[in-house]
1. Report the Rg/Rh value for the chain, based on alpha-carbon coordinates and the Kirkwood definition of Rh.
2. Taking only Cα atoms, what is the 0 to 90° angle, nearest 10, from helix 3-20's long axis to the longest principal axis of the chain?
3. Could you sort 53-60, 316-323 so that the peptide with the highest average Cβ count within 10 Å comes first and the rest follow in order?
4. Roughly how big is region 28-344's charge dipole about its Cα centre, with Cβ charges of +1 (Lys, Arg) and -1 (Asp, Glu), in debye to the nearest 20?
5. Using a cut-off of 9 Å between beta-carbons, work out the net charge of the residues near S181 (Lys and Arg +1, Asp and Glu -1, S181 not included).
Amino acid sequence: MSLPRLIVLACLGTVAALAMGAAPAPAQEAQTPRNDLPQPYRTVRTWGQLPPGVRWAAVTAIEPAPDGTLYVVHRCVNNSCEGRTEPPILAFDKTGRLQRAFGAGLFNFPHGGTIDRDGNLWMTDARGGNGIGHQAIKLSPEGKVLMTLGTRGVSGSGPAHFDQPTDVVEAPNGDLFVTDSHRDGTNNRVVHFRKDGTYVREWGRKGTGPGEFSEPHTIAMDSQGRLFVGDRENNRIQIFDQRGRFLEEWRQFGRPSGITITNDDTIYVADSESGGRDTGAHELPGIRKGIRIGSAKTGAVTAFIEDLEPLAVEHAGAEGVGVDADGNVYGGVVRRQMLERHEPIRTRTPGVLQWR
């Protein structure tokens with residue numbers, strides 16, 4: 001092919017790329033979180049009917065169930081359920097109408113969770129005290145305790161104990177993976193259990209290398225069965241197979257407090273701690289807080305829901321993140337104590353997003 005023809009083709013390719021918008025760089029080429037991505041959502045902060053006399057406390061988890069129920073977990077009053085009698089788990093229908101509330105007296109510091117294949121809710125308690133805590137607890141849709149992992153109220157290591165467990169995810173075969181250790185926790189690991197609670201293995205320790213963690217804060221699984229662990233103080237997502245073999249790390253989604261992956265392998269990552277100063281936990285100054293959205297297959301980041309206080313000094317943004325069947329994205333905000341619902345901005349063609 002002649003040089004002039006090559007030049008013409010190159011120019012045409014450039015024009016086409018400009019007309020379509022610049023495609024996000026693959027993960028291996030763009031490891032720095034971006035602040036300038038499209039934001040094709042409108043935000044609502046008044047969704048959800050609360051029980052009489054109740055205000056949102058720190059919202060930590062949003063878990064959509066297959067039947068359309070949305071479970072929202074908050075910390076009773078302010079940022080703790082210690083010694084409280086309020087139920088921290090609220091179940092809503094798709095319109096935001098409250099269906100039931102439960103979980104009173106079961107948690108000190110409800111943190112992260114998941115819905116299992118049978119529609120039951122798993123939640124972790126990342127604080128000990130009052131004879132409870134340091135457990136992962138399985139609850140029926142009506143709030144009955146069905147199973148626990150860890151020793152009630154006792155911090156420790158090994159197969160029978162946790163120290164501030166943060167999140168849990170279920171594999172297609174029913175196996176469970178629990179991230180263990182909140183800030184300054186002693187274990188910094190992922191623990192693998194069979195569906196009946198039998199301990200299988202664990203991996204991880206405090207550090208910055210592959211397979212090491214500094215506050216494994218959240219965990220999710222993609223359609224291939226790979227585990228995505230939010231290694232928060234290391235500002236990265238680490239990806240593993242189910243035997244704990246390290247596959248790769250991603251930094252382009254920011255500082256991960258919450259991760260959810262939908263059935264089509266869209267990944268949503270909540271960054272609640274970047275933007276302000278470094279408190280000694282290696283926060284990312286200048287990187288805006290918010291929820292970054294992309295592909296769990298390629299690592300490309302395609303959209304960004306910027307937080308209300310994106311550069312606040314405090315850890316201000318959404319930590320928990322959930323997505324319902326209609327594509328609405330929910331952020332659980334701890335410091336500002338609110339639930340945020342981000343609704344896709346659509347064109348007249350159903351399912352097509354109108355990019356701002």
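1. Values: Rg = 20.6 Å, Rh = 20.7 Å.
Result: Rg/Rh = 1.00.
2. 40
3. Details: 53-60: 18.8, 316-323: 26.1.
Descending mean neighbour count gives 316-323, 53-60.
4. Numbers: 36 positive and 42 negative charges, 86 e Å.
Using Cβ point charges on Lys, Arg, Asp and Glu, region 28-344 gives about 420 debye.
5. Values: positive: R183, R189, K206; negative: D163, D180, D184, E215.
Result for the neighbourhood of S181: -1.
Values quoted throughout were computed directly from the atomic coordinates according to the rules given, and no laboratory measurement underlies them. Just so it is clear, the model here is predicted, and its values are computed rather than measured. Methodologically, a virtual Cβ is constructed for each residue, glycine included, from the backbone with ideal geometry; neighbour enumeration extends over all protein chains shown.
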